[in-house]
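Okay, so here's the structure we're looking at.
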Amino acid sequence: MINFIYKTLNLIPKTIAKIEKLYSYSILNSHSGVKLHSDLKIGKATTFELDDNVQFEIGKNVIWRDHTAIRIRNGGHLIFGNNVDLSHYISINCLDKIELGDDTCIAEGCKFYDHDHAFDTKPEYIWHKNKFNTAPIIIGKNVKIYSNVTVLKGVTIGDNCIIGANCVISRNVPPNSIIFGKHELMRLPLI
């Protein structure tokens, strides 16, 4: 009897995870701005915030793992190319445009913001809660972004780049580059 209860209790989290995945798929399939392939794989505890006027294009063989948060608002446009792989705890916040090129791999804990809050400094400092400065983020093909990287608005990362862990990317990265360093970014040619 105890064995039966134990097995039954173990089924509850698995059942909840399956329901969450079905709910995620239903959100994507029912939104008029979403174009996706049937081979999309979604992990557990994935959250979406999609305004009515947004576009979300998902290529073939896209995987995003557990605890991914995707927010597309104010007419934003999010594009995942083919074979994009997102690890755990990824946060993507899109008000303008974010594009992840084919064969791009994003490690856990990475964040993407194509906007920041607007503010005024004269006559005094005022932070605007609902006003934003936006610029697109473009990630090229065959890019590897390692853990806990933050990519900020207006950045283009060229094809075949490697971005080391814990970097904050606030300016463009040329193709075929390796970026590393926590306090001061260092760039090496890949080839």
Have a look at the DSSP beta bridges in the stretch 2-178 and tell me what percent are antiparallel, nearest 5. 10
Karplus-derived HN-Hα couplings along the stretch 88-104 (A = 6.51, B = -1.76, C = 1.60, θ = phi - 60°), whole Hz, x at Gly and Pro: 7, 6, 8, 10, 10, 10, 10, 10, 10, 8, 10, 10, 10, x, 3, 6, 8
At 222 nm, what helix-only mean residue ellipticity would the chain give, in deg cm²/dmol to the nearest 500, using -39500 (n - 2.57) for each DSSP H run of four or more? -5500 deg cm²/dmol
So what is the relative contact order for the stretch 2-178, in percent, with contacts set as C-alpha pairs under 8 Å and at least six apart? 13
Highest to lowest packing among 114-124, 31-41, scored as the average C-beta count within 10 Å: 31-41, 114-124
For residue 178, other-chain or 5+-apart residues with amide H closer than 5 Å (H placed, Pro excluded) are 162, 188, 190
Local net charge near residue 136, Cβ-Cβ under 15 Å (Lys/Arg +1, Asp/Glu -1): -1
Highest mean first, how do 45-53, 58-66 rank when packing is the count of other Cβ atoms within 10 Å averaged over residues? 58-66, 45-53
Find how many whole Å separate the alpha carbon centroid of the stretch 79-146 from the alpha carbon centroid of the stretch 157-178. 14
A correct Karplus calculation of ³J(HN,Hα) over the stretch 69-79, with 6.51 cos²θ - 1.76 cosθ + 1.60, θ = phi - 60°, whole Hz and x for Gly and Pro, returns 10, 10, 10, 10, 9, 6, x, x, 9, 10, 10
Cut-off 10 angstrom, C-alpha nodes, Gaussian network model of the chain. Which of 145, 27, 16 fluctuates the most? 16
Relative to the longest principal axis of the chain, what angle (0 to 90°, nearest 10) does the C-alpha long axis of helix 2-30 take? 50
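No lab work stands behind these numbers, since they all come straight from the coordinates. Predicted model, so just to flag it, every value in this text is computed and none were measured. Every residue, glycine as well, gets a Cβ built from its backbone with ideal geometry; the counts of neighbours run over all protein chains shown.
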